[in-house]
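Participant: Can you keep this structure in mind? I'll have questions shortly.
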Amino acid sequence: MVIERTILVIFWVLATGCKTDGFFSLNSVSTPQTDKVLGKITIEYPLNGAVFPLDIPPPMVIWNQSKERGHFWRIRVVTAQGKSLVEIPVTRQNWRPTKTQWAVVSKAALENQVFISVQDEAHSSSRKTQKSQPIATVSIRTSRDPVEAPIFFREVPLPFDYANQYPEKIRYRLGHVSDSFESKVLLEELPLCGNCHSFSKDGRILGMDVDYANDKGSYVITELARVTALTPEKMITWSDYKKEDETLTFGLLSQVSPDGQHVVSTVKDRSIFVGIKENLAYSQLFFPIKGIIAVYDRDANTFESLPGADDVNYVQSNPSWSPDGETVFFTRAHAYHSPKAEGSTSVVLPREAASEFIEGKRKFRYDIYKVPFNNGEGGPALPLVGASKNGKSNYFPKVTPDGKWVVFAQADSFMLLQDDSRLFVVSAEGGEAREMRCNTSNMNSWHSFSPNGRWMVFSSKERGAYTQL
C-alpha cells in the first residue's frame, strides 16, 4: 500500500457554480430573463449564475429536450453587451467549448456575465421559424481567485452491502481542478475497510480509519513522503482508551488537528449502521447513537477524553477543528440506548436493530456545539446558535480557513447520507444561519474548503445514485 506524496499534499479544494463538473456558486445571480427553463429545453449544466475558477478546463454544457422529433441545436455565447463570442450548431444534447473558445469566454466573463443559449433549430428554414423555436439561456461568470489545491477523495462502489463485502474495490483518488484528464488513483486494493480521512493544515500528516487486525478502532497516522507505506508501526487503536472497562470502541469520524499533533475521535461509541438494499443511492443508514470525544496525543502516545464533550448522557461525535486548533466543533444529541445495537459486536447491525428508524417511527436529531480545546483540557461546551435547537438535525461542521464561518449540513433527521441534506452557513460565533445557494435538489454534504478559503467542494447526488463533487 503506497501513497505518492507529490500529489497528495493538500486535499481541500474548490467549488462554486454548477452541476456535473462539480462547481456551485456561493453568489449566483438569477434573473427572469435568464431562467434556465424556457420552452421545452432545460439546461442542466451549468446552473444559472454559475461562477467558475479561471483555471478550470472547458466545462460541458448539458441540456434536455423531449426527443419526439429530430433535432439539431445552435449554441450561442454572448456578452451582456450583446457581443458574440461563440456560435456553433451541434447535433447532441451537450457541448464542450474548445480550449481556444473557453479562453475567450472565460476572459470575457471576468468583467460581466456571459450568456449561453441553446436553441432548437430542428426545422428552422426561415428567420421567422427560427424565432419560434424553443430556447434556454443561462448566465455564467469566472473568478480571478484560483483554487490552488487538488481534491483527495474516496471512490466507493454501490450498494453499500457490496462495498462492505469487497473493500478492495474502494479506491482513493486525487484530482486537480485545472486538469481535463481523469483523477489519479493513489490507493487501491486495500484488503480491509478504510474510510474517514483527514490531513494536517500543511498536508504533511494523514490520518485514516482502517480496520487493521480485525480491530474496528484501528487508525493509521503517517507523515507523507514520495512513497508512503501504511505499516503496522503507524497504527494506533482507539480501543486503547480505557480498555479496562471492556466497552467496545469502533472509532468514528476522526479528525487530525491543524498542527498534526493531536487527533480527536468518537470513542465508546455505538451507531445505527444497516444496509438498505431497496435503495441504490441511499443504501445504508448510519448515524451514531452513543459515544464521547477523545483526544490522542501523538507525542505522549496517550488517549484522554475531551472535557465538555465527554458526557455519557449524550452522543458526541463528528468533531472538527477550528483553523487555529483552539476550538473543537462537534455534534451532540441525547444518547439512545438500543439493546439490539449494544449487544452486537459487529459494526454493521441486523436490520431489525434499526426498524423503528427505517420505518419512520423515530427521528434522531443533532445539534452543533463547540468546546475549547485548551491543550486537551477542554472546557464548557456551548451550542452554536443557528446550528442547534432548530427542530432539524445539524452535522458536519466545517470552519472556513479564516475561522469566521461554519458551513454545516442540515437534514430532517439522522446524519451522513440523507437525501434532504442542505448546506447552511453561520458565523463561528453563532447567529442566523443562511441556506447556501449552491444546494442541489438531491443531497448536499461532505464539504471542504480550498486553503485560500475562496472555494468549497461538496458532494451531491443531483445527477444520479453515485455522488459527484
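Participant: For the stretch 236-245, does any single residue satisfy the condition of being among the hydroxyl-bearing types (S, T, Y), assigned to a helix (DSSP H, G or I) and either farther than 22 Å from P451 by Cα or out of contact with any Ser or Thr (no Cβ under 6 Å at 6 or more places or on another chain) (or both)?
Facilitator: Kept after step one, since they are among the hydroxyl-bearing types (S, T, Y), are these residues of the stretch 236-245: 237, 239, 241.
Next, from what is left, pick out any that are assigned to a helix (DSSP H, G or I): 239.
Filter once more, keeping what is either farther than 22 Å from P451 by Cα or out of contact with any Ser or Thr (no Cβ under 6 Å at 6 or more places or on another chain) (or both): 239.
Yes: one or more hits.
Participant: Looking for whichever is of a type in the set (G, A, S) and under 27 Å from the mean Cα position of the chain (by Cα) here; the options are A333, A353, A341. Which one fits?
Facilitator: Working: A353 fails: under 27 Å from the mean Cα position of the chain (by Cα); A341 fails: under 27 Å from the mean Cα position of the chain (by Cα).
The unique qualifying residue is A333.
Participant: Which of the residues that make up the stretch 70-104 are closer than 12 Å to E121 by Cβ and not in a strand (DSSP E or B)?
Facilitator: Restricting attention to the stretch 70-104, the residues satisfying the condition of being closer than 12 Å to E121 by Cβ are 70-76, 87-91.
Scanning the stretch 70-104 gives G70, H71, F72, T91.
Participant: Let me ask something else. Please find, within the stretch 186-208, the residue that is surrounded by the most Cβ atoms within 10 Å (Cβ to Cβ) out of those that are among the aliphatic types (A, V, I, L, M) and touching a residue at least 24 places away in the same chain (Cβ under 8 Å).
Facilitator: Filtering the stretch 186-208 for residues among the aliphatic types (A, V, I, L, M) gives 186-187, 190, 192, 205-206, 208.
Add one more test, that the residue is touching a residue at least 24 places away in the same chain (Cβ under 8 Å), and what stays is 186-187, 190, 192, 205-206.
Working: L186: 17, L187: 21, L190: 18, L192: 13, I205: 21, L206: 24.
Ranking the candidates gives L206 first.
Participant: Considering (1) at pLDDT 85 or above; (2) open to solvent by 40 Å² or more (accessible area, probe 1.4 Å); (3) not charged (D, E, K, R), say which one S180 fails and leave the rest.
Facilitator: For S180, the failing item is (1).
Participant: Say we look at the stretch 70-111 and pick out the residues that are open to solvent by 40 Å² or more (accessible area, probe 1.4 Å) and hydroxyl-bearing (S, T, Y); which of these is farthest from I41 (Cα to Cα)?
Facilitator: Within the stretch 70-111, the match that is farthest from I41 (Cα to Cα) is T100.
Participant: Would you pick out the residues in the stretch 221-233 that are surrounded by fewer than 16 Cβ atoms within 10 Å (Cβ to Cβ) and out of contact with any helix residue (DSSP H, G or I) (no Cβ under 7 Å at 6 or more places or on another chain)?
Facilitator: E223, V227, A229, T231, P232, E233, listed by residue number.
Participant: Follow-up question, since we're still on this one. Scan the stretch 288-295 and tell me whether some residue there is among the aliphatic types (A, V, I, L, M), closer than 25 Å to V256 by Cα, open to solvent by 20 Å² or more (accessible area, probe 1.4 Å) and modelled with pLDDT under 95. Lay out the reasoning, then the answer.
Facilitator: Of the residues in the stretch 288-295, the ones among the aliphatic types (A, V, I, L, M) are 289, 292-295.
Remaining after also requiring closer than 25 Å to V256 by Cα: 289, 292-295.
Within this subset, residues satisfying the condition of being open to solvent by 20 Å² or more (accessible area, probe 1.4 Å) are none.
No, that holds for no residue.
Participant: Which numbered condition trips up P258, out of (1) without any contact (Cβ under 8 Å) to a residue 60 or more places away in the chain; (2) more than 21 Å from F414 (Cβ to Cβ)?
Facilitator: Only one criterion in (1) without any contact (Cβ under 8 Å) to a residue 60 or more places away in the chain; (2) more than 21 Å from F414 (Cβ to Cβ) is unmet by P258, namely (1).
Participant: For the stretch 261-270, check the following and say yes or no: at least one residue is open to solvent by 60 Å² or more (accessible area, probe 1.4 Å) and basic (K, R).
Facilitator: The answer is no, given that none of the residues of the stretch 261-270 is open to solvent by 60 Å² or more (accessible area, probe 1.4 Å) and basic (K, R).
Participant: If you check every pair at least six apart or on different chains, which have Cβ atoms under 6 Å apart with a residue in the stretch 228-255 that is under 23 Å from V315 (Cα atoms) first and a residue that is surrounded by 20 or more Cβ atoms within 10 Å (Cβ to Cβ) and among the aliphatic types (A, V, I, L, M) second?
Facilitator: From the stretch 228-255, the pairs are W238/V267; Y241/V267; Y241/A294; T249/V267; S254/V263; Q255/V264.
Participant: Is it true that N318 is closer than 23 Å to V406 by Cα and not aromatic (F, W, Y)?
Facilitator: So N318 passes the test.
Participant: So, in the stretch 246-260, of the ones that are in a loop (DSSP other than H, G, I, E, B) and out of contact with any Lys or Arg (no Cβ under 8 Å at 6 or more places or on another chain), which residue ends up surrounded by the most Cβ atoms within 10 Å (Cβ to Cβ)?
Facilitator: Going through the stretch 246-260, the residues in a loop (DSSP other than H, G, I, E, B) turn out to be 246-251, 257-260.
Those left that are additionally out of contact with any Lys or Arg (no Cβ under 8 Å at 6 or more places or on another chain): 246, 257.
On the way: E246: 6, S257: 23.
Residue satisfying both the conditions and the ranking: S257.
Participant: Going by what's in this entry, would N318 be described as modelled with pLDDT of 90 or more, part of a loop (DSSP other than H, G, I, E, B) and of a type outside the set (A, V, I, L, M, F, W, C)? Show your work before the answer.
Facilitator: On the way: modelled with pLDDT of 90 or more: yes; part of a loop (DSSP other than H, G, I, E, B): no; of a type outside the set (A, V, I, L, M, F, W, C): yes.
It is false that N318 is modelled with pLDDT of 90 or more, part of a loop (DSSP other than H, G, I, E, B) and of a type outside the set (A, V, I, L, M, F, W, C).
The values are calculated or read from the model by the stated rules, or taken from the named source; none is laboratory data. From a predicted model like this one, the values you see are computed outputs, not experimental measurements. Counting neighbours? That spans all protein chains shown, and the Cβs are built from the backbone with ideal geometry, glycine included. Keep in mind that these areas ignore ligands, DNA and RNA; they rest on the heavy atoms of the full protein, side chains included. Shrake-Rupley method; radii C 1.70, N 1.55, O 1.52, S 1.80 Å.
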